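Chemist: One structure, pasted below without further comment.
The values are calculated or read from the model by the stated rules, or taken from the named source; none is laboratory data. These numbers were taken from a predicted model, which means no experiment stands behind them. Note that each Cβ is placed from the backbone with ideal geometry, even for glycine, and that neighbours are counted across all protein chains shown. For the accessible areas, the whole protein counts, side chains as well, though only heavy atoms, and no ligand, DNA or RNA atoms are used. Shrake-Rupley method; radii C 1.70, N 1.55, O 1.52, S 1.80 Å.
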Amino acid sequence: MMHPTPHARQPLLLLPGLLCDRALWAHQIENLSDMAEPYVPDLTGHDRIGDLADSVLVNAPARFALAGLSMGGYVAFEILRRAPERVTRLCLVDSSARPDTHEQRQRREAMLKLARIGKFRGMSPRLLATQVHPDHVAVPEIGGVVLAMTERVGRDAFCRQQAAILSRPDSRPDLGSIKVPTLVIVGADDGQTPPDRSREIAAAIPDAQLHVLPRCGHLAPLEQPVQVTALMRQWLGAV
């Protein structure tokens, strides 16, 4: 009796956000590995979004599913501009298609200036409270993981990433041309890229699915890992 050949696992690129590494995606890496081959590209080595996108593409499989959180989403948009034929599906988490407002640019440039003169201390507990839901700040599996990630990524990478974020273009004109199955996830309490940014993305991408997660700030894969993994599992199986 012949047994059906199991489906090959699809390559899945998981792009981290500012000061994040693969720990951001730990639950998804572990629990989606039966249907996907997860890769977490290094987004610390360049200070332009285009260069980050090229560094991902040169090391990526020929075709892949693509997920990005926040800054990872900005890189995902650039990958789609450069090599849309290589992306099989798209997941955007706590991200935005807009460039920074004037106020956001000023705040980012001020943080960059402080970091460059040696006043980078990673993520302080006060700053952490702007990233995750208040209930999650003192949870070791969330707040503790975030603080450890920022220390590992460090000051020099932080400076490059902030400069890259400042260099990003407006991605809103490109949203209507995205034709792959698209999942958009955002924390209901995300103060960095509020839910209206994700609603805007989902409304402009044909047939995109939007999910707003309660009790969740800016780092949904860490804050609501079971929900994010379940949504990504459905997305990876979508025809």
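Chemist: With the requirement that a residue be assigned to a helix (DSSP H, G or I) and in contact with a strand residue (DSSP E or B) (Cβ under 9 Å, 6 or more places away or on another chain), what does the range 83-100 give you?
Modeler: Initial filter on the range 83-100 (assigned to a helix (DSSP H, G or I)): 84-86.
The answer is ARG86, and nothing else.
Chemist: Which of the residues spanning the range 225-239 are in contact with a Lys or Arg (Cβ under 7 Å, 6 or more places away or on another chain) and farther than 12 Å from LEU183 by Cα?
Modeler: None - no residue of the range 225-239 is in contact with a Lys or Arg (Cβ under 7 Å, 6 or more places away or on another chain) and farther than 12 Å from LEU183 by Cα, so the list stays empty.
Chemist: Which residue is most open to solvent (accessible area, probe 1.4 Å), if the candidates are limited to the range 190-230 and must be among the basic types (Lys, Arg) and under 19 Å from LEU90 (Cβ atoms)?
Modeler: Taking the candidates together, the pick is ARG199.
Chemist: Which condition from (1) surrounded by 18 or more Cβ atoms within 10 Å (Cβ to Cβ); (2) farther than 28 Å from ALA204 by Cα; (3) at pLDDT 95 or above; (4) not charged (D, E, K, R) is the one that LEU19 breaks?
Modeler: Status for LEU19: all satisfied but (3).
Chemist: Still on this structure, please answer the following. Open to solvent by less than 30 Å² (accessible area, probe 1.4 Å) and closer than 26 Å to MET111 by Cα - does that describe any residue in the range 2-13?
Modeler: Within the range 2-13 (the criterion being open to solvent by less than 30 Å² (accessible area, probe 1.4 Å) and closer than 26 Å to MET111 by Cα), the answer is no, since none of the residues qualifies.
Chemist: Among the residues that make up the range 85-97, is at least one of them surrounded by fewer than 16 Cβ atoms within 10 Å (Cβ to Cβ) and at pLDDT below 95?
Modeler: Taking every residue of the range 85-97 in turn, none turns out to be surrounded by fewer than 16 Cβ atoms within 10 Å (Cβ to Cβ) and at pLDDT below 95.
Chemist: With the checklist (1) open to solvent by 60 Å² or more (accessible area, probe 1.4 Å); (2) over 24 Å from GLY50 (Cα atoms); (3) among the acidic types (Asp, Glu) in hand, flag the one item ASP156 doesn't pass.
Modeler: (2)
Chemist: With the condition kept exactly as written, say whether any residue in the range 121-133 is in contact (Cβ under 8 Å) with a residue 24 or more places away in the chain, of a type in the set (Gly, Ala, Ser) and either closer than 22 Å to ILE165 by Cα or surrounded by 15 or more Cβ atoms within 10 Å (Cβ to Cβ) (or both).
Modeler: Quick first cut of the range 121-133, residues in contact (Cβ under 8 Å) with a residue 24 or more places away in the chain only: 122-123, 130-133.
Cutting the leftovers down to of a type in the set (Gly, Ala, Ser) gives us 122.
If we keep only those that are either closer than 22 Å to ILE165 by Cα or surrounded by 15 or more Cβ atoms within 10 Å (Cβ to Cβ) (or both) as well, we get 122.
Yes, that holds for at least one residue.
This table checks each residue for (1) surrounded by 21 or more Cβ atoms within 10 Å (Cβ to Cβ); (2) on the phi > 0 side of the Ramachandran plot; (3) in a helix (DSSP H, G or I); (4) not hydrophobic (A, V, I, L, M, F, W, C).
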position	(1), (2), (3), (4)
ARG152	no, no, yes, yes
GLN161	yes, no, yes, yes
ASP170	no, no, no, yes
ASP174	no, no, yes, yes
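Chemist: Only residues in the range 21-41 that are under 16 Å from GLY73 (Cα atoms) count as the first member; pair them with residues that are open to solvent by 60 Å² or more (accessible area, probe 1.4 Å) and not β-branched (Val, Ile, Thr), Cβ under 8 angstrom, at least 6 apart or cross-chain, and list the lot.
Modeler: Close Cβ pairs (under 8 Å, with a partner that is open to solvent by 60 Å² or more (accessible area, probe 1.4 Å) and not β-branched (Val, Ile, Thr)) amount to ASP21/ARG152; VAL40/ARG22; PRO41/ASN59.
Chemist: What are the residues in the range 58-82 that are surrounded by 17 or more Cβ atoms within 10 Å (Cβ to Cβ) and outside any strand (DSSP E or B), if any?
Modeler: Taking the range 58-82 and keeping what is surrounded by 17 or more Cβ atoms within 10 Å (Cβ to Cβ), we get 60, 64-80.
Answer for the range 58-82, where residues must be surrounded by 17 or more Cβ atoms within 10 Å (Cβ to Cβ) and outside any strand (DSSP E or B): ALA60, SER70, MET71, GLY72, GLY73, TYR74, VAL75, ALA76, PHE77, GLU78, ILE79, LEU80.
Chemist: Collect the residues in the range 22-52 that are in contact with a Lys or Arg (Cβ under 6 Å, 6 or more places away or on another chain) and either among the charged types (D, E, K, R) or part of a helix (DSSP H, G or I) (or both), keeping them in residue-number order.
Modeler: Hits for the range 22-52 are GLU37, ASP47, ILE49.
Chemist: I would also like to ask the following. Determine whether GLU103 is under 30 Å from ALA203 (Cβ atoms), at pLDDT below 95, assigned to a helix (DSSP H, G or I) and over 18 Å from the mean Cα position of the chain (by Cα). Even if it seems obvious, please write down each step before you answer.
Modeler: Numbers: under 30 Å from ALA203 (Cβ atoms): yes; at pLDDT below 95: yes; assigned to a helix (DSSP H, G or I): yes; over 18 Å from the mean Cα position of the chain (by Cα): yes.
Yes.
Chemist: Please find, among THR229, THR182, the residue that is within 15 Å of LEU80 (Cα to Cα) and out of contact with any Asp or Glu (no Cβ under 6 Å at 6 or more places or on another chain).
Modeler: Details: THR229 fails: within 15 Å of LEU80 (Cα to Cα).
After ruling out the rest, the residue left standing is THR182.
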